[in-house]
Structure formats: structure tokens, C-alpha cells
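Worksheet for the structure shown next.
Since every read-out is calculated from the coordinates, none of them should be taken as a lab result. A quick note: this is a predicted structure, and the numbers were derived from the prediction, not measured. Here the Cβ positions follow ideal geometry from the backbone for every residue, glycine too, while neighbour counts run over all protein chains shown.
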Amino acid sequence: MSKPIVAIVGRPNVGKSTLFNALAGEKISIVKDYPGVTRDRIYADVTWLNYQFTMIDTGGIEPESKDLMLKHMRAQAEIAIETADVILFITDVRQGVVDSDFKVADMLRKSGKPVILVVNKVDSFEKFMPDVYEFYNLGIGDPVPVSGASRLGMGDMLDEVAKHFPESATEEEEDERPRVAIVGKPNVGKSSIINRLVGEERVIVSDIAGTTRDAIDTAITWQDKEYVFIDTAGLRRKSKIKEELERYSIIRTVTAVERADVVIVVIDASEGVTEQDAKIAGIAHERGKGVIIAVNKWDAIEKNDKTIYEHTKRIREILSYMPYAEIVFISAKTGQRVNKIFDIMDVVIQNHALRVATGVLNEILMEAVAMQQPPSDKGKRLKLYYITQVAIKPPTFVIFVNDKQLMHYSYTRYIENKIREAFGFSGTSLKFIIRERK
Ligand code: GDP
Ligand code: GDP
């Protein structure tokens with residue numbers, strides 16, 4: 001099930017980071033060593049009581065001047081409007097309502113997206129409540145007073161947020177069409193690929209109407225089958241500010257991947273696979289999606305009979321955490337092998353939703369254990385009792401053992417390989433949950 005996306009928007013120093021950290025706790029995904037946004041946490045998975053959502057912070061960089069501030073605020077709001085289910089607009093009770101707050105509030109109101117107006121730094125309700133009422137002037141509903149620093153009002157704020165979450169059985173999940181996200185660094189050719197895919201020979205059914213977010217998805221028919229390409233409008237968005245472009249690229253990736261079944265990670269053949277590609281691919285991996293690596297601009301490089309092998313080897317090295325990913329070499333410019341993406345996608349989608357019968361799984365488990373003795377520690381040997389598949393998308397298995405501590409990562413890997421030998425599961429990660437049974 002795709003999790004709702006909550007975006008934080010607000011001026012510098014209103015307390016966005018503090019609030020983000022208060023909500024995210026330990027589970028912050030820091031995109032390290034990322035030029036321009038090194039210190040930033042851009043997104044985090046939040047679990048708060050019964051709520052689960054992905055939180056994104058749209059405002060990472062501090063604009064250099066007052067003039068740039070409004071531009072920066074607009075860019076933040078646009079990203080939030082485009083990607084989020086619910087927007088948290090953060091203001092500061094100590095600074096009061098300022099001019100740019102009005103401008104941003106106008107933008108958010110016009111978007112029709114659910115917006116929660118949060119007034120931060122209300123460290124004492126008694127002292128600051130009179131100042132909170134001023135925020136009604138923004139015309140975007142009741143201000144919710146909080147203090148990120150002392151974690152006051154968090155529950156009430158989240159209750160307001162959750163009111164706007166889609167019901168658990170959303171239309172999106174009833175929709176049987178495969179959902180595809182095309183992701184990758186700026187300029188690797190994502191828009192060119194989508195343009196190629198919607199080329200004359202295929203029928204674009206429509207820009208799908210419905211919820212606001214669906215309006216930017218595109219349905220493409222290929223050999224009588226429909227595929228929904230997520231956030232195709234986002235592919236065309238370009239920003240002139242480098243830091244903003246990179247931040248936006250990550251936000252777009254997280255939000256599109258969240259809604260996808262299968263993710264096409266585009267790499268530029270003329271540059272080769274980079275660390276930044278690895279970070280983007282890592283988002284698809286960590287979210288358990290089907291993954292296809294499309295090496296684009298294949299027309300632009302000199303090739304001999306070893307080129308494919310060399311590229312594959314390098315990709316396997318850099319993306320070592322996803323040996324299961326399918327790789328395809330394409331050119332959006334000439335159209336070479338672009339159609340092959342559909343065939344690979346069908347395989348990946350099937351594997352992502354594949355269920356294996358418990359009986360067969362246990363045969364594999366027993367055979368694997370017989371072939372390679374499980375590890376032991378201090379005279380106690382690991383025993384594997386039983387395996388069963390409990391979920392799909394991604395296929396998720398529970399293994400019952402005598403002692404969890406003894407189940408080393410490498411032995412889980414070994415079992416995974418045995419399952420892959422039998423069923424392939426190419427293009428999808430597999431998830432293993434280890435449980436103890438006394
Ligand atoms: P950001 O620029 O919006 O991410 O803001 P920060 O989270 O970095 O916070 C800016 C400043 O406000 C820091 O000095 C924080 O300590 C302070 N701050 C954040 N939240 C609160 C709060 O709830 N109460 C008070 N009094 N200060 C806060
Ligand atoms: P995006 O930022 O990932 O959406 O990338 P674009 O689709 O805008 O492409 C960036 C640049 O790469 C443009 O100048 C494209 O013309 C060029 N480009 C895209 N695909 C190919 C390709 O297959 N071969 C070559 N030679 N250039 C390409």
C-alpha cells in the first residue's frame with residue numbers, strides 16, 4: 001500500500017527542521033554527501049501511533065537574500081502542491097504573520113490541496129495563544145498551535161493531518177493497471193524516454209482525471225495493455241537553481257517511487273553509473289519496488305563487443321545491494337530497445353506479485369539446510385523450522401528459527417539465493433522476517 005505523502009513548507013527559521021526531527025525520530029533518511037544539500041534530511045518515514053506516512057521537507061536551502069526568499073518560497077510550495085497529499089504550512093508565532101506568509105497561503109489555497117496551518121514555537125499555550133489568532137488572517141483555516149522544540153501539540157496536529165489521508169482502500173489500489181515511475185538524475189533522459197514511449201504508434205488514453213495528483217499521471221497503451229506512468233508532469237519540470245534541482249530530484253523520486261509498482265532507474269551511458277545514481281536507485285530498493293535499470297544515451301558512446309559487459313559489471317558493483325535489478329541499454333534518441341522496456345516490465349511486475357506455495361518453499365529450505373549447515377555460536381546451532389510467504393509487492397517471507405541471534409545476514413542471503421535459483425524473482429527485492437519459535 002502506498003503511504004500518504006506529507007510535505008512541510010515554511011520560511012527559514014520557523015522551525016521546520018526541529019519539527020521534522022521531532023516527528024521522524026530516528027528514522028531519518030539523510031542523503032549524505034549530496035552536493036548542496038549535504039546536511040539535509042529531505043524525507044523520512046514517520047510512524048506516529050496508528051499513522052504511517054512519508055514526510056518530505058521542501059525547504060532545504062536558505063535563500064541568500066530577501067529578494068530570493070519569495071522565489072524560494074514559491075518553489076517550495078509548488079513542489080509540495082505537486083507531490084503531497086497533505087501540506088503542513090509552518091509559521092512562527094514569535095515572528096507573527098509576515099508578508100510572504102500571505103503570498104504562500106494564497107498559492108496553497110488556490111491549489112485546492114489539504115493544508116494544515118501550523119503555528120510553531122507556541123512553547124506555552126497560556127502565553128502565546130492570543131498571538132495565534134492573528135494567523136486566521138491567512139485565510140487557510142484554523143491555526144494549529146505547536147511547539148516542535150518541546151513537542152507540544154504534535155498529536156493534535158497529526159490528527160488534523162490524518163483527517164485528509166485517503167481511506168485505506170483507495171482507488172489507486174483497486175486500479176489493476178501497473179504503475180510505473182521513471183526516476184534518475186537531472187538530464188539523464190527521463191523526459192525523452194517518456195516522450196518516446198508515448199510516440200505515435202501508441203495511444204495515449206488520457207491524462208487521468210480524478211484526484212488532483214492523478215492529473216499528472218499518463219496512461220500508455222502497449223499491445224493492448226495499459227500502464228500508468230506516474231508524475232509525468234514532474235519530468236518536465238526544470239529548475240535553474242542547482243541545489244533546488246537536486247533537492248527536487250530526490251523529492252520527486254521519493255514521492256513517485258512511493259506510488260509505483262515498478263521503477264525505471266535511468267542512468268546516462270555517457271557518464272556511467274555514479275554515486276548519485278546509487279542513491280536514487282537505493283530509494284526504489286529500500287521501498288521494495290520492482291526495479292529496471294535503463295542505461296540511456298546508448299547511441300552517444302563508442303562501443304565494442306565488451307561495452308555491454310563492462311557497463312553491466314560496473315552497475316553491479318556500484319548497485320551491489322540490488323543484484324536482482326534488470327538492466328536494459330536504450331536510446332531515447334534513436335528509439336533503440338525502448339520497446340523492450342514493456343516486456344521487461346511485464347516480467348518484473350509478475351515477479352513483484354509472485355506467490356510461492358508454502359510446501360514448495362519448505363522443500364527448498366530443507367534442501368538448503370542439508371547442503372550448507374546453519375551457523376552456530378557458543379555451542380548452540382541455528383535451527384530453521386519453517387518458511388512461509390506472507391506478502392507480495394515485494395514478496396515477503398517469514399522464517400521461523402530457534403534463535404534469531406544465530407540467523408546471520410549471510411545465511412539469510414544464502415536462503416534468498418536458493419529461492420531465487422528456484423523461482424528467479426528477477427527485478428524485485430525479497431524481504432525476510434525472522435521469527436523465533438520455541
Ligand atoms: P528551519 O530553518 O525552519 O528548519 O528552522 P529550525 O528547525 O532550524 O529552527 C530555527 C530556530 O528556531 C532554532 O534556533 C530552533 O532552536 C528554534 N525553534 C524551533 N522550534 C522551536 C520551538 O518550538 N520553540 C522555540 N522557542 N524555538 C524553536
Ligand atoms: P531529464 O532531465 O532526465 O528529463 O532529461 P531530458 O529528457 O530532458 O534529456 C536531457 C538531454 O539529454 C537532452 O538534451 C536530450 O536531448 C538528451 N538525450 C536524452 N536521451 C538521449 C539519448 O538517448 N541519446 C542522446 N544522445 N541524447 C539524449
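Some points to look at:
- Rg(Cα)/(2.2 N^0.38 Å) for the stretch 5-169, N = residue count: 0.98
- Residue among L158, A24, W48 farthest towards the positive dipole end of the stretch 5-169, charges placed on Cβ: A24
- The charge dipole of the chain, taken about the Cα centre with unit charges on the Cβ atoms of Lys, Arg (+1) and Asp, Glu (-1), comes to about 1240 debye, rounded to the nearest 20.
- Net lengthening on full extension, E167/E421 (0.36 nm per residue, minus Cα-Cα): 87.5 nm
- Charged-residue dipole, Cβ positions (Lys, Arg, Asp, Glu), the stretch 5-169 about Cα centre, Debye nearest 20: 220
- Axial C-alpha extent at least 15 Å, average Kyte-Doolittle at least 0.0 - helices from the chain (DSSP): 340-352, 358-371
- Net charge of neighbours whose Cβ lies under 14 Å from the Cβ of S147, counting Lys and Arg as +1 and Asp and Glu as -1: 0
- Relative contact order of the chain, taken over Cα pairs closer than 8 Å and 6 or more residues apart, is 11 percent.
- Cut-off 17 Å (backbone N to label point 7 Å along Cα→Cβ of N21), residues of the stretch 142-164: 147-152
- The simple spin-label model puts a point 7 Å past each Cα toward its Cβ; for K306 and K340 those points are separated by 2.1 nm.
- q = 0.09 Å⁻¹, the chain: log10 I(q)/I(0) [Debye, one scatterer per Cα]: -0.66
- Of G10, A77, I280, farthest towards positive along the dipole that unit charges on Lys, Arg, Asp, Glu beta carbons give the chain: I280
- Selected from F125, V360, M371, residue furthest toward positive end of dipole (the chain; charges at beta carbon): M371
- The ranking of E82, E416, E421 from fewest to most other beta carbons within 10 Å of each one's beta carbon is E421, E416, E82.
- For a modelled paramagnetic label at E436, 7 Å from Cα along Cα-to-Cβ, the residues of the stretch 369-406 in reach, with backbone nitrogen under 20 Å, are 374-388, 398-406.
- Of the trypsin sites (Lys or Arg not before Pro) in the stretch 39-123, the ones in a loop by DSSP (not H, G, I, E or B) with at most 12 other beta carbons within 10 Å are R39.
- Helix content alone sets the calculated 222 nm mean residue ellipticity of the chain: runs of n ≥ 4 DSSP H residues at -39500 (n - 2.57) each, divided across all residues, give -11000 deg cm²/dmol.
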